[in-house]
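Read the structure below first, then the notes.
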Amino acid sequence: MGARRARGTRMLPADPPPDADEALAPLDRDAEAAPPAGALPEVDFWSVLYGRRSIRRFDERPVPRALVDRVLHAGTWAPSSCNYQMWDVVAVDDPAINADLAALSTQMGNAPVNLVVSYGREFSEEGWANVQSASAMVQNMSLAAEALGLGTFWITQMGDREKVRERVGLPHDRLVIAVLALGYPKSRPKSGPKRRPLTQVTHYNQYAGEPVPSSPRPEDWRPELLTLYQRARVLNGLRHNKPRAWETRALLAALATLVPEPPADEGAAPRRWLDVLPCTGILTERLARERKGWAFDVVERSPEVAAFVAERTRPKGAGFAWPTPAPGFASPAAGAYQRASCLFRLEDLAPADRGALLADVATWLAPGGELLLGYVSKRSFHETTEALRRRRGGPRGVEYVLSPDPNIGPFEALEPGEVDALLARAGFVVEGRLGLQAVPQPEELEFRTRNFSPRARAVARFAARALGLLERLPGVQARRGRFQFVLARRGTPPDSPAA
Ligand SMILES: Cc1cc2nc3c(=O)[nH]c(=O)nc-3n(C[C@H](O)[C@H](O)[C@H](O)COP(=O)(O)O)c2cc1C
């Protein structure tokens, strides 16, 4: 954000010089009253409120304690349950302690200051008043930081919060609720993630909506809600998602094995490839990069997601609708494609809709056209890791299923036999198969345990090496691979009149 418009006479630059604190009247750390009028820079409340963004990259400058104090003081003026103010905050600006915190979670390795916010563990616990009060404090501090030209981001992924507490010397009686990273922003995002509109979120007097389910089971989702949810997630931030190395590796192996590129036929018209329900388009982008002789289109649930993904292909493809066409958002033309791909997307459909999707894919393909289908097998470690995660008492909602990246939403791994039956019913003839990754891959373990303690990570690394040997035994990946790829050719559906 540039210079902020002030209501009064003063303007506050987005990045004040290092001595900006000298412009402020010194804060009496023992004062019980709010700072007197004029002691703080006047800034426009609404531009602070709407201009605040989570800042995750900071420059090298240390934050003067006079500024940290201002932020902390603003925090103490948040409401708290019964005004008990049972919060205690440790502002960590010692690089050695911050390095120890970063070892507990890399999230705490970004900013020069980490504000560790705690509240009475059992005090005011009723109605989570402790969590609510501490959260109000965190929000006050992030707005104050914004007003002072600083940046923050709110951290709940702090690893073991008891270790965080111990490292900063807080007694057991204090529960660490959150950490607020604080520093001078390296850069400020030009625009923030969008917000859901009021019509979806708010109601007068009586709730009149339908909540997006938090269940990860596909049958708990109405297709319309899935469309809404994926649209919100893709457009509100997931566009920045990076491909995961182990998933990309699997995809490249599947392309090389099942659909190798024949030598380029100069001058031939590009063949047409339809990517089915690509969601974020991470894999579509890769497909288009790897198979340049093809023109890619996509079929998605909403025009916005379709347009977003089509933008990721070069040349830019067209976006089509499934399951419901709308004005200006048609279904793909029948028989128009030589190849289709559907990668890890049958899994978010209710069982009854999976066959319907495959039957539609068959109609979009030209006679003899082929489908590259990728799915997560139920006969793999996926089910075990999911069961373990659920037992650990961690989050269980739809956000947390360890599914491959292109999937956003509910997720259910599939039985290979079920997939074969669905393909046959839709008139496909299977021509090739590839099973990959029968055990979690080293990069995946690194990623999934990034917020664990160094010891837990070392154990995970050892386990990964041992499991890696198992995976090399013949036939293991084909039978037990988490990722199963199938190349299927469009034939005639057995129940069609021509069969
Ligand atoms: C309770 C809570 C926990 C959060 N935890 C994290 C976190 O652990 N790591 C992180 O990078 N961001 C975290 N965030 C920041 C959100 O991702 C961010 O606020 C959201 O994407 C909206 O972006 P904005 O803050 O720029 O408006 C958290 C935010 C809240 C309110």
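Brief remarks follow.
- Contacts under 8 angstrom Cβ, first residue in region 163-177 being within 13 Å of residue 98 (Cα to Cα), partner of a type in the set (Lys, Arg) and crowded, with 21+ Cβ neighbours inside 10 Å, 6 or more apart: 165/174
Okay, residues lined up against (1) part of a loop (DSSP other than H, G, I, E, B); (2) more than 16 Å from the ligand (Cβ to nearest atom); (3) surrounded by 13 or more Cβ atoms within 10 Å (Cβ to Cβ):
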| site | (1), (2), (3) |
| --- | --- |
| 182 | no, no, yes |
| 188 | yes, no, yes |
| 191 | yes, no, no |
| 194 | yes, no, no |
| 200 | no, yes, yes |
| 204 | yes, yes, no |
| 209 | yes, yes, no |
| 213 | yes, yes, yes |
| 216 | yes, yes, yes |
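- Being in a strand (DSSP E or B) and more than 15 Å from the ligand (Cβ to nearest atom) is a property that residue 88 has.
- Output for region 251-277, where each listed residue is small (Gly, Ala, Ser) and either without any contact (Cβ under 8 Å) to a residue 40 or more places away in the chain or not assigned by TED's automatic domain parsing to the domain that holds residue 360 (or both): 256, 264, 267, 268, 269
- Inter-residue pairs, beta-carbon under 6 Å, first under 17 Å from residue 258 (Cβ atoms) and in region 368-381, second of a type in the set (Ser, Thr, Tyr) and assigned to a strand (DSSP E or B), 6+ apart: 369/337; 372/341
- Checking residue 78 against (1) hydrophobic (A, V, I, L, M, F, W, C); (2) part of a helix (DSSP H, G or I); (3) within 16 Å of the ligand (Cβ to nearest atom); (4) in contact with a helix residue (DSSP H, G or I) (Cβ under 6 Å, 6 or more places away or on another chain), the condition it does not meet: (2)
- Restricted to region 407-497, the set of helices (runs of 4 or more DSSP H) holding at least 1 residues that are aliphatic (A, V, I, L, M) and surrounded by fewer than 17 Cβ atoms within 10 Å (Cβ to Cβ) comprises 416-425, 454-471, 476-480.
- Selection of region 44-58 for residues being within 10 Å of the ligand (Cβ to nearest atom) and in a loop (DSSP other than H, G, I, E, B) yields 52, 53, 55, 56.
- Residues in region 96-137 that are of a type in the set (A, V, I, L, M, F, W, C) and part of a loop (DSSP other than H, G, I, E, B): 111, 123.
- Listed conditions (1) within 16 Å of the ligand (Cβ to nearest atom); (2) closer than 16 Å to residue 179 by Cα; (3) in contact with a helix residue (DSSP H, G or I) (Cβ under 9 Å, 6 or more places away or on another chain) are all met by residue 93, apart from (1).
- Leading residue by the ranking (farthest from the ligand (Cβ to nearest atom)) among those in region 151-180 that are under 14 Å from residue 108 (Cβ atoms) and part of a strand (DSSP E or B): 176
The values are calculated or read from the model by the stated rules, or taken from the named source; none is laboratory data. Since the model is a prediction, treat every value here as computed from it, not as a measurement. Glycine gets a Cβ as well: all are built from the backbone with ideal geometry, and neighbour counts include every protein chain shown.
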